[in-house]
Amino acid sequence: MDSGNKSGGLDNPTFDMNERVNDQPKGKEENTCGSCIVAEEDRNKPTYCVTDVPPWYLCIFLAMQHYLTAFGGIISIPLILSEGLCLQHDSLSQGRLINTIFFVSGLCTLLQVTFGIRLPILQGGTFALLTPAMAMLSMPEWECPAWTQNASLVDTSSPLFVEVWQTRMRTLQGSIMVASLLQILVGFSGLIGFLMRFTGPLTIAPTVSLIGLSLYDSAGDKVGSHWGISAMTTVLIILFSQYLRRIPIPVPTYSKSKKLHTSKFYIFQIMPILLGITVSWLVCYLLTIYDVLPSNPSQYGYLARTDVKGNVVNDASWFTFPYPGQWGMPTVSLAGVFGIMAGIICSMAESVGDYHACAKLSGAPPPPKHAISRGIGVEGLGCLLAGAFGTGNGTTSFSENVAALGITKVGSRMVILLSGIFMLLMGMLGKIGAIFTTIPTPVLGGMFMIMFGVITAAGISNLQFTDMNSSRNIFIFGFSMFSALVVPNWIMKNPDFFKTGVEELDQVVHILLTTHMFVGGFLGFFLDNTIPGTKRERGLLAWNQVHDEDSSSTLGTEDVYDLPFGITSCLSSQSWVRYIPFCPQNGHRTHSRPEDKSMSQSQGSHSPEVIDEIPL
């Protein structure tokens, strides 16, 4: 899930703030930004900054929380992708896909926090690549055979069926791996800074919004399998995330000062999606064992049963170890490569916004150019790994987890490192992936109604940086959005209209013109950069402004963004390092001083917050 509000209105911590701060050792109080008492006028100041290490029990809890926060977005991707891969009736393979994407997400998180941007930012699957992937799999040559749509005709162990879905997966893998080279090049070469000069809110807004809008058909099919169960799931998630999110639940806790006592736990604010799915799942289970739901597969409501997938949990192995090439040798589709590249460009633009928001919420100084370049480059390596392992997707910065930093006030990267380790372990437990595949179809539909709606609104929220009283901006956004709905819909209905005689070119054009986010993003980018308009009118001033004055950090950039294990010190003596865009350089280090900060604040200059994801 790739975009939304990072910190606005999210000033309630997971546990009661005073209790958590008072439980810390006295020596910690001397730390400038580690665990000082949060003043009322500075409520957004983090309790733990990037380089701080919270107590082990808090680390474990917060790491699990980040894992659960990312759960809904990560698990949705393989379940949606399974339709295009002809895997609707192969729950064991779906479970392996879920294990693989969790494993790769954990691995990429460790790489990003250790060698990438080095901010506490979790990596996971991205819907930006899901849209072009589904467009590729919807091409006539990749349409699923009719017999794979009928559960009674599918023998999941037959070589024919295995070849049907693995052929599609291998082509998707190769396309992702080749397309990821673009992100690696743009990141490690430092080109990302140049490209961001031309990418503003009027490009990002239609692109991100259309990711959600383009998935309405998939959501509608699942919701329609049982409207009652889907509505219940949607209502529960709305109830937990919007109405009850500030209602604490008292839980027993222990501290050295207060011993055993109760503390406030904001469970509805942390995991509303997981709670909504669990409650609906339980209701479906009860309706299944009491035979309230129909047992005939041809009857309406059958897909709400929890025994539809049979003995998939029993049949799944306890342990599995995802590895590159587990589905066979990847192949490449030229059309798929161009489609995936469109998604990667969108993902890069969003990640830059995530880096700035994460730095602000975690008490770090604004990320320098070398750190941003390294972060984008490592995300490209993550997409390369995701393609090699066979997730059918790539990886990107998870914006929901950036928003979680604003809730917990804990910006320690040690927490995210531990969360990455948890995801690695979960990816190796085969039965965990199998359990997730048994979630009833209408329950998933109810969750998709929320998630895809939030993605759509989060994209539109980027327009707050622009002057929407301008007829220029209204025209660009409206035309881009409407054209991106009309053109792909017409091309899908008339697939043989565009024929040049060159099959590869026809495939490329077909995928690009049926990918809503490419059509909308391209039109937004072209019109925004060619139609005359001031930078303030286009939103570029607010969009590109860095939070120098608003940062609460007294850390220097070298404390946060230097490479680990003494690598920076070793490289600093080499003269050629200054020509490497992603390497830290001694001459460009800065250290924020409190007196400088107070002077800048007294001048009244406050930059707007980066907002590109609305958390649930």
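The values are calculated or read from the model by the stated rules, or taken from the named source; none is laboratory data. Nothing here was measured: the structure is a model prediction, and the numbers come from that model. Please note: Cβ atoms are built from the backbone with ideal geometry, for glycine as well, and neighbour counts cover all protein chains shown. Calculation scope for accessible area: heavy atoms of the full protein, side chains included, ligands and nucleic acids excluded. Shrake-Rupley method; radii C 1.70, N 1.55, O 1.52, S 1.80 Å.
Listed values, structure above:
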{"item": "Residue under evaluation His370, criteria (1) within 25 Å of Gln507 (Cα to Cα); (2) surrounded by fewer than 24 Cβ atoms within 10 Å (Cβ to Cβ); (3) more than 17 Å from the chain's Cα centre (by Cα), criterion not met", "result": "(1)"}
{"item": "Among (1) open to solvent by 10 Å² or more (accessible area, probe 1.4 Å); (2) touching a Leu at 6+ places or on another chain (Cβ under 6 Å); (3) among the hydroxyl-bearing types (Ser, Thr, Tyr), the one test that Ser157 misses", "result": "(2)"}
{"item": "Single match in Val178, Val162 (criterion: assigned to a helix (DSSP H, G or I), modelled with pLDDT of 80 or more, in contact with a helix residue (DSSP H, G or I) (Cβ under 6 Å, 6 or more places away or on another chain) and open to solvent by 20 Å² or more (accessible area, probe 1.4 Å))", "result": "Val178"}
{"item": "Gly453 being within 21 Å of Ile74 (Cβ to Cβ), open to solvent by less than 10 Å² (accessible area, probe 1.4 Å) and not hydrophobic (A, V, I, L, M, F, W, C)", "result": "no"}
{"item": "All positions within region 168-195 that are among the hydroxyl-bearing types (Ser, Thr, Tyr) and within 21 Å of Phe522 (Cα to Cα)", "result": "Ser175, Ser180"}
{"item": "Selection count, region 290-334, where residues are modelled with pLDDT under 85 and more than 30 Å from His226 (Cβ to Cβ)", "result": "1"}
{"item": "Wholly enclosed helices (runs of 4 or more DSSP H) of region 254-335 bearing at least 3 residues farther than 30 Å from Thr515 by Cβ and open to solvent by less than 50 Å² (accessible area, probe 1.4 Å)", "result": "267-270, 272-289"}
{"item": "Members of region 95-125 that are crowded, with 24+ Cβ neighbours inside 10 Å, of a type in the set (S, T, N, Q) and either touching a strand residue (DSSP E or B) at 6+ places or on another chain (Cβ under 6 Å) or part of a helix (DSSP H, G or I) (or both)", "result": "Asn99, Thr100, Ser105, Thr109, Gln112"}
{"item": "Hits in region 486-498 - residues which are out of contact with any Leu (no Cβ under 7 Å at 6 or more places or on another chain) and part of a helix (DSSP H, G or I)", "result": "Val486, Asn489, Trp490, Met492, Lys493"}
{"item": "Residue match in region 435-451 (condition: of a type in the set (S, T, N, Q), over 27 Å from Ser230 (Cα atoms) and touching a residue at least 24 places away in the same chain (Cβ under 8 Å))", "result": "no"}
{"item": "Residue among Val208, Val235 that is touching a strand residue (DSSP E or B) at 6+ places or on another chain (Cβ under 9 Å) and either in a loop (DSSP other than H, G, I, E, B) or of a type in the set (A, V, I, L, M) (or both)", "result": "Val208"}
{"item": "Residue count for region 47-86, restricted to those that are of a type in the set (D, E, K, R) and either under 29 Å from Pro440 (Cβ atoms) or surrounded by fewer than 21 Cβ atoms within 10 Å (Cβ to Cβ) (or both)", "result": "1"}
{"item": "Region 192-215, residues that are within 25 Å of Cys583 (Cβ to Cβ), in contact with a helix residue (DSSP H, G or I) (Cβ under 7 Å, 6 or more places away or on another chain) and either of a type in the set (Ser, Thr, Tyr) or open to solvent by 20 Å² or more (accessible area, probe 1.4 Å) (or both)", "result": "Gly193, Leu195, Met196, Thr199"}
{"item": "Residue match in region 469-477 (condition: open to solvent by less than 70 Å² (accessible area, probe 1.4 Å) and without any contact (Cβ under 8 Å) to a residue 60 or more places away in the chain)", "result": "no"}
{"item": "Sole exception among (1) free of Cβ contacts under 8 Å to residues at least 40 places away in the same chain; (2) assigned to a helix (DSSP H, G or I); (3) under 30 Å from the mean Cα position of the chain (by Cα) for His510, by number", "result": "(1)"}
{"item": "Single condition Thr515 does not satisfy, out of (1) out of contact with any Ser or Thr (no Cβ under 9 Å at 6 or more places or on another chain); (2) polar (S, T, N, Q); (3) under 26 Å from Phe198 (Cα atoms)", "result": "(1)"}
{"item": "Of all residues in region 528-553 being small (Gly, Ala, Ser), within 24 Å of Tyr355 (Cα to Cα) and at pLDDT 65 or above, the one that is surrounded by the fewest Cβ atoms within 10 Å (Cβ to Cβ)", "result": "Ala542"}
{"item": "Qualifying residue in region 220-230 (condition: aliphatic (A, V, I, L, M), open to solvent by 50 Å² or more (accessible area, probe 1.4 Å) and modelled with pLDDT of 85 or more)", "result": "no"}
